[in-house]
Amino acid sequence: MAARNPGMKLDLEWVSKVRVNTQAVLKRAQHIQGQKIPKKQWQAAWLLKAVTCIDLTTLAGDDTPSNIHRLCLKAVQPIRYDLLKKMDMHNKGVTTAAVCVYPSRVGEAVITLKAANSSLPVASVATGFPAGQTPLETRLQEVRMAVAHGASEIDIVINRKLALAGQWEAMYDEIHQFREACGDAHMKTILAIGELGTFTNIYKASLVAMMAGSDFIKTSTGKEVVNATYPVAIVMVRAIRDYYLFTGQKVGFKPAGGIRTAQESLLWFTLIKEELGNDWLCPHLFRLGASSLLADIERQVGFQHIQYISIPYFPAYKYVSFNFFFFFYRSTIM
Amino acid sequence: MTLELYHNILGPYLNARYILYVNVIAQPSDYLKTLTTFMFFHSFWSPGVDVCSTVCAVEDDISQCASSALNGFKAWSVLSCYQRAKVLLRLVSVLGQHGQCVSELCELCGASCSSSTLIRQLQYYSSWAQLRDTLITNWTPLGVVAVVVSDDCSLYSLMLKVLPALAMGNSVIIVPGLNTAPPALLLAQLFIGAGLPAGALNVLTGSDMSLCAKVAQNPNISHVTYSGNKQDGVMLCKATAGMGVPLSVSPCIGATCPFIIFESADIDSAVDEVIETAFKKKREVHWVLCVQESIVDSVVTRLKLRMAGMKCVALRSDGDRVLVDAAIQEAQQQGATLIQPCSVPPSGAQYPPTVLCGAAPSSPFVVCPAPGPLLPLMTFRTHTEGVTIGNHTPHGQAASIWTEDLTLALETARSLSVGSVWVNSHSVSDPCMPVSGHKDSGTCTDGGQEGLYQFLRLRSSPPPLPRSSPVSMDYSNFGTAACPAIIPDDSDPASAPKPYPQFVGGKACKSVSGCSLAVQSPGGSGVLAYCPDGGKKDVRNAVEAAIKVQPGWMKKSPSARAQSLYSLAKGLEAKRRDIAASINVQTGLSMDEAEKEVELGIARLSDWAAYCDKVQGGALPMPQSGSALSFPEALGVLGVVLPDKNPLLSMVTLLGAAIATGNAVVMVPCQKYPLPALAFIQVLQSSDLPAGLVNIISGGRDQMTVALANHSVIKAIWYWGSAEGCQYLQHTCTSPLKTLRLFCQKDEEGKDEGKDWTQSHPSFMEEMWRNAVQWKSVWIPTA
């Protein structure tokens, strides 16, 4: 993996200067949603790329060793072998980017993956996920235990109280402590954008999280009312760009929650490509937090493939009334 | 029939030249006759591929078209408002079926316009068609309106002229440009299908602007309106001068518009949007990026980052490439640095998007922008400086400003002299927004209720100009004839005629030249008085004084302006005997009648005082969410050549209209009866109007007309005078464009014709103040 974001001192002046115009961001989001997404074999390629960026997630109260086991094996072999073989991708090591589970399930996931001979990282949510409303000491302890059980990526949630009150220093300190507790494990900071109020606040929270040394910033827990939306993503990736311009550090981005279809995943790639450029289109800088997305991508890849080999490309004619022209064309040559 | 069929038929001929389209004139019999005259072929799309060809109309077509339009007008204007609205609405549903076809044709012809914007226009104007007689009483359609657009004009701008004209009950002849010809023909066809009477909408295609002059020449045309680039507009002004047909011009293409980013802006969004709009292949305006100095570094880094990976933009021709290369070379010689995403291809009609850092308002590439994807970047220090730089261009089309600070946004929006201000957005247009190009960007208002008056006239007043054919005149010689020298007859000092002063910059004074004119008494029997013989220098002094006080006068609260006008009325009342006496000796009117006129003048001034806070803008009903505001703004300095009829009453009416709305005014008393106006100077002197706001300069009418016409600061001229004078003004007032209100009065019979100045109907006053303001729309997108 590439160099980690070492973080920097909290620059409150930078944070205070942030302005975001909601309507302009919404317009930009609309513009991106209106972009053409790739078709045919290119779409298949992008979908496979999307698979490699997925953090395959299960975060439910009824998680047991058996479904964690299934999840891990699915993460190792995300697309049916025969489909991959037809595309000549069977030996390219197509796996998801990681599996993401609750801290108590980390041990089981690690064992399963080891048994399957896979080096796939296990990500664990921590710090009182999803609300973050537990004492700091227990939250820190949670991080340490998850790391001790073998998690190599930790998804922490920020303390929304501090962000909403504008106590950026306190928030910076907390995230900084989490980062220390993570040790070598990569830290993804969940901003819970659905509960931050304004785009300006989201931008500020992103900046503070990156200054405190987050390796990724992540939109939401998937448990809030509003989850990953394109306008919010634009705000966050702009903060990432800003941080990159200032420090030269590339911080990753992880939208999570509500991403269910293959089409959506393609739009996410379009957005990242448009806003951050090609550098960010890889698993160590871009992740999709999702649980049901993989099934849809697999279906689409299968469908794509069948369509691709059985029906030759045939341009679709647009049927439009043009009798007016026809009439005059005829009348003039007569 | 389908596009597939269209391909089948046309496919083999795609590279060949063929006639797809011919000139269409809707005949009274509702039969669309095709007239194949001689052909001109135009390449519509990319070089080498002709989309279709149009025919050039000749004289016969024009006269046939004009008479069919006249019949169309008769059939269309007798319909009820409801019926007219229904036709427009029916077209909406027709567009629902054929919208795809229209937008694809527009796309092919390079005049892209989505069918949803057309539908929005139709819906907006159908509601005005429905309510014309309810909300706009006492106004009547003009007759046959010719809508002319230049080759590069969009279909949206074309329809922004056509639809209000139709909605108000006029019939329309469209003279489209190359790009808009096929879609206009198609829309005309669809309109007929929607139930528009034959002849109410006609399309005449041609190869250049000479066709428009020929159309305007036709006596059936009552009004010509133009939209497009400046050069063709000027050409049209000169070509139609003296034809006795009013012309309104909206040169919406090719204006220089500022894109101002303040330090309180969302910089990321601003940079994204400026990249999106400035480097488009088909741009209607030239953007100039103005950035506050404190954030210029972060704007430049973001520009570099966001432009990386952009590809070359196609230019229109290899000739444009030469211009772009020359502009870049010149800019670099002057020390400008370039931001380009890729290297410049050695040749060919394409160029990479380029930001020219280090531009100044005086840089040649800012003053005369080259036709390519070039974006000059200037810096400013303070908010006021930002506004000054934004206002520096001769154009006043539009501006985009970026700040999250509401106060700053509104203040800047008010101080920029442009027709549209887009806050935190750009290029938003909607038919409900009234927009007048300020400065050199137009002589009329388009959009909104305000834009409808372009196609209406007062029921009570006759058309202002009689139709005539232009006389061949030497424009450089106009108004240079020397006035007869005066040999004062000083034999009897007691009865010697009194010399009157003129009024410039708040002071009563002699003319700069020192010469005087003799004022004849009504019977022509002797000299009544001497008035100064003003000229160019007097006008210059007056305008200099006027522009100093006009902004302050405009910013005054409406009630303060009203107070000043009330006190002016009071001053007139105090001097009523003197003024009445001057009318009496000058016009030969009886003392009673003269006093009655003064009485009316006092009432008129009080009316205008009351109007001061009634001329107002408002919030506009935009379809998107946000706040759209419209503001009436003063034109600036007005030149008025006063009419002969009711010399005092007409003067106070025009004076009141001008200053109640915030303008300064330079008035020229009518040559025949100057005394009442000169006597009025003593009233002005004792008033509390700022010195220089009202100036009265007497002199030979033609001579003064020339002086007003050639002063570049004067934004509008209201003229009562000879047909030659009208022709001279139409021909001369083109750069910068002046808003002209011309009234041709016969030299001898001034009394029974023209406006009835004694009327005080609300719409009479409304026409006056509408002529004295220009409109600005401000758009602030919010949730």
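The values are calculated or read from the model by the stated rules, or taken from the named source; none is laboratory data. Here the structure is a predicted model, which means the values were calculated and not measured. All Cβ positions, glycine included, derive from the backbone under ideal geometry; neighbour counts span all protein chains shown.
I need the helices (runs of 4 or more DSSP H) fully contained in the range B:59-173, keeping only those with at least 1 residues that are under 24 Å from the mean Cα position of the chain (by Cα) and of a type in the set (Ser, Thr, Tyr).
Correct list: B:115-135, B:155-167.
Can B:Val162 be described as free of Cβ contacts under 8 Å to residues at least 60 places away in the same chain, crowded, with 24+ Cβ neighbours inside 10 Å and either outside the structural domain of B:Thr205 (by the TED database) or under 19 Å from B:Val87 (Cα atoms) (or both)?
Yes.
Going through the range B:309-327 one residue at a time, which ones are within 14 Å of chain A (Cβ to nearest Cβ) and either closer than 24 Å to B:Glu263 by Cα or surrounded by 13 or more Cβ atoms within 10 Å (Cβ to Cβ) (or both)?
Across the range B:309-327, the qualifying residue is only B:Met310.
Could you say which residue among B:Glu411, B:Glu330 is over 16 Å from B:Cys257 (Cα atoms), more than 26 Å from the chain's Cα centre (by Cα) and either at pLDDT below 95 or assigned by the TED database to the domain that holds B:Glu263 (or both)? Break it down stepwise before answering.
Values: B:Glu411 fails: more than 26 Å from the chain's Cα centre (by Cα).
Exactly one of B:Glu411, B:Glu330 is over 16 Å from B:Cys257 (Cα atoms), more than 26 Å from the chain's Cα centre (by Cα) and either at pLDDT below 95 or assigned by the TED database to the domain that holds B:Glu263 (or both), namely B:Glu330.
With B:Ala167, B:Ala111 as the choices, which residue is at pLDDT below 90 and surrounded by 21 or more Cβ atoms within 10 Å (Cβ to Cβ)?
B:Ala111
Could we say that B:Val543 is touching a Lys or Arg at 6+ places or on another chain (Cβ under 6 Å), touching a residue at least 12 places away in the same chain (Cβ under 8 Å) and surrounded by 16 or more Cβ atoms within 10 Å (Cβ to Cβ) here?
So B:Val543 does not fit the description; no.
Within the range A:108-127, identify whether any single residue is surrounded by 15 or more Cβ atoms within 10 Å (Cβ to Cβ), at positive phi and not aromatic (Phe, Trp, Tyr), and answer yes or no.
Within the range A:108-127, one or more residues are surrounded by 15 or more Cβ atoms within 10 Å (Cβ to Cβ), at positive phi and not aromatic (Phe, Trp, Tyr).
Go through the range B:273-308 and give me each residue that's facing chain A (nearest Cβ under 8 Å) and under 32 Å from the mean Cα position of the chain (by Cα).
Matches in the range B:273-308: B:Glu273, B:Glu276.
So for the range B:570-586 (the condition being assigned by the TED database to the domain that holds B:Ala677, touching a residue at least 40 places away in the same chain (Cβ under 8 Å) and among the polar types (S, T, N, Q)), does at least one residue qualify?
Yes, the range B:570-586 contains a residue that is assigned by the TED database to the domain that holds B:Ala677, touching a residue at least 40 places away in the same chain (Cβ under 8 Å) and among the polar types (S, T, N, Q).
Out of the range A:174-195, which residues are within 18 Å of A:Leu10 (Cβ to Cβ) and touching a residue at least 24 places away in the same chain (Cβ under 8 Å)? Please lay out each step first, then the result.
Of the residues in the range A:174-195, the ones within 18 Å of A:Leu10 (Cβ to Cβ) are A:174-180, A:187, A:189, A:191.
If the condition is that a residue be within 18 Å of A:Leu10 (Cβ to Cβ) and touching a residue at least 24 places away in the same chain (Cβ under 8 Å), then A:Glu174, A:Ile175, A:His176, A:Gln177, A:Phe178, A:Arg179, A:Met187, A:Thr189, A:Leu191 are the ones that fit.
Would you point out the residue of the range B:221-248, among those that are of a type outside the set (A, V, I, L, M) and out of contact with any Ser or Thr (no Cβ under 9 Å at 6 or more places or on another chain), that is nearest to B:Leu163 (Cα to Cα)?
The extreme case among them is B:Ser222.
Would you call B:Ser420 in contact (Cβ under 8 Å) with a residue 12 or more places away in the chain and either touching a Lys or Arg at 6+ places or on another chain (Cβ under 6 Å) or surrounded by fewer than 23 Cβ atoms within 10 Å (Cβ to Cβ) (or both)?
Details: in contact (Cβ under 8 Å) with a residue 12 or more places away in the chain: yes; either touching a Lys or Arg at 6+ places or on another chain (Cβ under 6 Å) or surrounded by fewer than 23 Cβ atoms within 10 Å (Cβ to Cβ) (or both): no.
Judged against the criteria, B:Ser420 is not a match.
Return yes or no: is B:Val512 among the hydrophobic types (A, V, I, L, M, F, W, C), part of a loop (DSSP other than H, G, I, E, B) and not assigned by the TED database to the domain that holds B:Phe680?
yes
For the range A:53-82, give me the residue count where each residue is surrounded by fewer than 18 Cβ atoms within 10 Å (Cβ to Cβ), outside any loop (DSSP other than H, G, I, E, B) and in contact (Cβ under 8 Å) with a residue 60 or more places away in the chain.
So the count comes out to 1.
State all residues of the range B:399-417 that are surrounded by 23 or more Cβ atoms within 10 Å (Cβ to Cβ) and either within 14 Å of chain A (Cβ to nearest Cβ) or touching an Asp or Glu at 6+ places or on another chain (Cβ under 8 Å) (or both); if no residue qualifies, say none.
B:Ser400, B:Ile401, B:Trp402, B:Thr403
From the list A:Leu191, A:Leu196, A:Leu164, exactly one residue is out of contact with any Ser or Thr (no Cβ under 9 Å at 6 or more places or on another chain) and surrounded by 16 or more Cβ atoms within 10 Å (Cβ to Cβ). Which is it? Working first, answer last.
Details: A:Leu191 fails: out of contact with any Ser or Thr (no Cβ under 9 Å at 6 or more places or on another chain); A:Leu164 fails: surrounded by 16 or more Cβ atoms within 10 Å (Cβ to Cβ).
Among A:Leu191, A:Leu196, A:Leu164, only A:Leu196 is out of contact with any Ser or Thr (no Cβ under 9 Å at 6 or more places or on another chain) and surrounded by 16 or more Cβ atoms within 10 Å (Cβ to Cβ).
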